[in-house]
Amino acid sequence: MSNELWLILAGCHIMTVLLSYFWVKKRGDAVQAAAEAALVLLVPGAGFLLVCADGFFRGIYGTRFRIDPHKLMHSNNVFTNIIDYDENLISLHDTFLLDDVKLKRKVFLDAVKQNILQNPKILRQATHDSDREIAYYAVSMMSGHIEELESKMAELEALLKDDADNLELVRKYTEVLADYLQQDFIDDLTKKAKGEVYIRQLDKLLAAEPDNMADLQARFRQELKLENYGEAEKTCGDFLRLYPEREEPYLAYMKLYAAMRQPEKLRQKLEELKASPAELSVSALKTIRYWGGAFHE
């Protein structure tokens, strides 16, 4: 065989090795790319066929776990052959600490398929994940959910224009607003405006049912977020008047005075809580120990 033919074959072989390396690396794994390129180099012909076959089967089976993120919020029966995700066996929050990208992605996508990702904090963490596919799905889920909530709000607002005193509609509207206000990717001005609307709707519900503890707490939390401290203090007063033997109004007062940076008032409510007949939860006892230590002389 002539030297020219040898040079042509050697050049083709080197080109095949380089093509194999860059093709595999494009999938995001440099170590795997180097290993498969070495196989092509050491086993001419057959090595390249093996690399092609591996890529072909990866392409087929990899699509089993690819989802259209825009359908995530609306699909209940599209997915089949799903491995069940059990929160009792592995915390979804902890999967973001895994170094194994494939395992982390698989656990996250299996969770998505079973529609268990309702916690905004988990989705918020996922949007900052180093794996771009997980981050992409998380952002898409959140964006799709926000669009769905905005559509529901517009629909309920139109109904309430004609029937503003319908408490069932008001309740549905407050639930949608509460969900909306928890979402990221909403600008501060919109959140402030919707937060004020949320308080007005809660006022309607409390006018009909003034001792509803959940609505009182929701109103207080929103007033605190908006830094409407005067209104928040009034809500705490109503809360304590209605539930003097519960720990919640005292804890609300303490949270308010901490935000207002009024340590003396906070200390006063701490002492009132300790002297109250309220049956204290573990959380309340921890709060008492924490602030008790802060005021310890």
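Structure data summary
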item: Residue check for ALA284: in contact with a helix residue (DSSP H, G or I) (Cβ under 8 Å, 6 or more places away or on another chain) and not in a loop (DSSP other than H, G, I, E, B); result: yes
item: Single residue of TYR180, TYR253 found to be under 23 Å from ILE288 (Cβ atoms) and either in contact with a Lys or Arg (Cβ under 6 Å, 6 or more places away or on another chain) or in contact (Cβ under 8 Å) with a residue 24 or more places away in the chain (or both); result: TYR253
item: Any pair with Cβ under 7 angstrom, 6 or more apart, that starts in the range 224-240 at a residue that is farther than 15 Å from LYS269 by Cα and ends at one that is small (Gly, Ala, Ser); result: LEU224/ALA232; LEU224/ALA259; LYS225/GLY195; LEU226/GLY195
item: Condition met for LEU202 (in contact with a helix residue (DSSP H, G or I) (Cβ under 6 Å, 6 or more places away or on another chain), closer than 29 Å to LEU167 by Cα and surrounded by fewer than 18 Cβ atoms within 10 Å (Cβ to Cβ)); result: no
item: Filtered residue count, the range 258-278, keeping only those that are among the basic types (Lys, Arg) and crowded, with 17+ Cβ neighbours inside 10 Å; result: 1
item: Flag if TYR198 is modelled with pLDDT of 95 or more, of a type in the set (Ser, Thr, Tyr) and within 26 Å of LYS152 (Cα to Cα); result: yes
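Residue by residue, here is whether (1) buried (at least 21 other Cβ atoms within 10 Å of the Cβ); (2) under 29 Å from the mean Cα position of the chain (by Cα); (3) at pLDDT 95 or above holds:
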| residue | (1), (2), (3) |
| --- | --- |
| LEU216 | yes, yes, yes |
| ARG219 | yes, yes, yes |
| ALA232 | yes, yes, yes |
| THR235 | yes, no, yes |
| PHE239 | yes, no, yes |
| PRO244 | no, no, no |
| ALA252 | yes, yes, yes |
| LEU256 | yes, yes, yes |
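The values are calculated or read from the model by the stated rules, or taken from the named source; none is laboratory data. Just so you know, these numbers come straight off a predicted model, no measurement behind them. Counting neighbours? That spans all protein chains shown, and the Cβs are built from the backbone with ideal geometry, glycine included.
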